[in-house]
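First the structure, in the form of structure tokens, and then the observations on it.
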Amino acid sequence: VADKASGVTSTTPTASEARQIVEQLLSLGFGALQFSINKANNAGREQGRGQEPTESGPEQQTRVQNRSPDALSGMFSLLTICVERCAILLIQLPSNPGNDREGEGLFTLSVETAASCIHEKEVDVARSSMIFLKTVIDLKGSLSQDTTGSESNVTRARLIVPVMDSAIQRVREDVFMCLITGACGVFPREVLDPAASVLFSLLRILSAEDAEALSAAALNQKQFLLGQEAQLVVLTVLGRCSKGTVAPSVLMDCFADLWQMHQGDDAGAIAGGDVIMDFARKYGA
């Protein structure tokens, strides 16, 4: 950049140039990953709320082979940084050229892709998608609650919150269901903590009525094998998370216990037994 007054040439990009660079990098990166993203979304729709796909033939095997876990994980890491540092820029970026879904920018498609990837068996993909979703939810929550900030912060919130809220609304039910299903022995053990963190953040931005309804529906899924007594315990824990009366670590511990009790072929046999009574005592339910 040439400084005409001094005759000095600077190699530091201007804000406008930096913005253009970031936009181009994100758009190019997202375009390069579009094939993997489409495959991820297709798999997510087939698997539904954390269920295994019914397809197991050559076509399914080809899909798995064609997906790039490292690329998806890297994309979510990049998107997480963008949410933290340049959220307004991210939500204003258009979707990849050729996308036929009108009115959806890169950010909305990214949130939907992350929601479809949280049940991935590849740990890095699942973890990075959860971290991205948590970052989005936390920013939306903090901006919604900040009503006494500066004028610039109010303007920032006015630009960001509606877009993020719309994207979260699209995926919140499926994410909620998938996270509970995952805790019932479906997730790899390594992603239980980030899964619990996402659910805690989601519970904190939901209304009490929505949190209760989604919790009840999620625990009525067939993957939950521990009986009604255990359901009531988990409902109690989720209710406390929604009210903010417990720390995220409580939900992490609860997820770890649920996951452990669902291991093995006899998970349903412990319903109503001593293990469930100990579970209830631990969480004061």
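Each distinct pair of alpha carbons in the stretch 130-285 adds a 1/r term; the inverse of their mean, the Kirkwood radius, is 16.3 Å.
Using a probe of 1.4 angstrom, how much of the accessible area of the stretch 133-259 is carbon and sulfur, in percent? Summing carbon and sulfur atoms, their accessible area is 50 percent of the total for the stretch 133-259.
Within the assembled protein chains, the solvent-accessible surface assigned to V191 is about 0 Å², based on a 1.4 Å probe.
The HN-Hα couplings worked out from phi for the stretch 78-90 by the Karplus form 6.51 cos²θ - 1.76 cosθ + 1.60 (θ = phi - 60°) are 5, 5, 4, 4, 5, 4, 6, 10, 8, 4, 4, 4, 4 Hz, whole numbers, x standing for Gly and Pro.
Ordering M252, M277 by accessible surface, largest first, gives M277, M252; the 1.4 Å probe counts only protein heavy atoms, with every chain in place.
Accessible area per residue for the stretch 145-264, computed on protein heavy atoms with a 1.4 Å probe, is 45 Å².
Extending 7 Å from Cα along the Cβ direction at A208 and again at Y283 yields two label points whose distance is 2.0 nm. Put simply, the C-alpha atoms of the stretch 135-184 give a gyration tensor, and the ellipsoid matching it has half-axes of 28, 11, 6 Å, longest first. For the listed peptides 256-266, 194-204, a ranking on the average number of other beta carbons within 10 Å per residue, highest first, reads 194-204, 256-266.
Only protein heavy atoms count here; on that basis, with a 1.4 Å probe, K134 has an accessible area of about 60 Å². Using 23 Å as the Cα-Cα cut-off, could you pick out the over-long pairs in K243/K282; K134/K282; K121/K243; K134/K243? Checking Cα-Cα distances, K134/K282; K121/K243 exceed 23 Å.
The values are calculated or read from the model by the stated rules, or taken from the named source; none is laboratory data. Keep in mind that this is a model prediction, so the values were computed, not measured. Every residue, glycine as well, gets a Cβ built from its backbone with ideal geometry; the counts of neighbours run over all protein chains shown. To get the accessible areas, we keep the full protein, side chains included, count just its heavy atoms, and leave off ligands, DNA and RNA. Shrake-Rupley method; radii C 1.70, N 1.55, O 1.52, S 1.80 Å.
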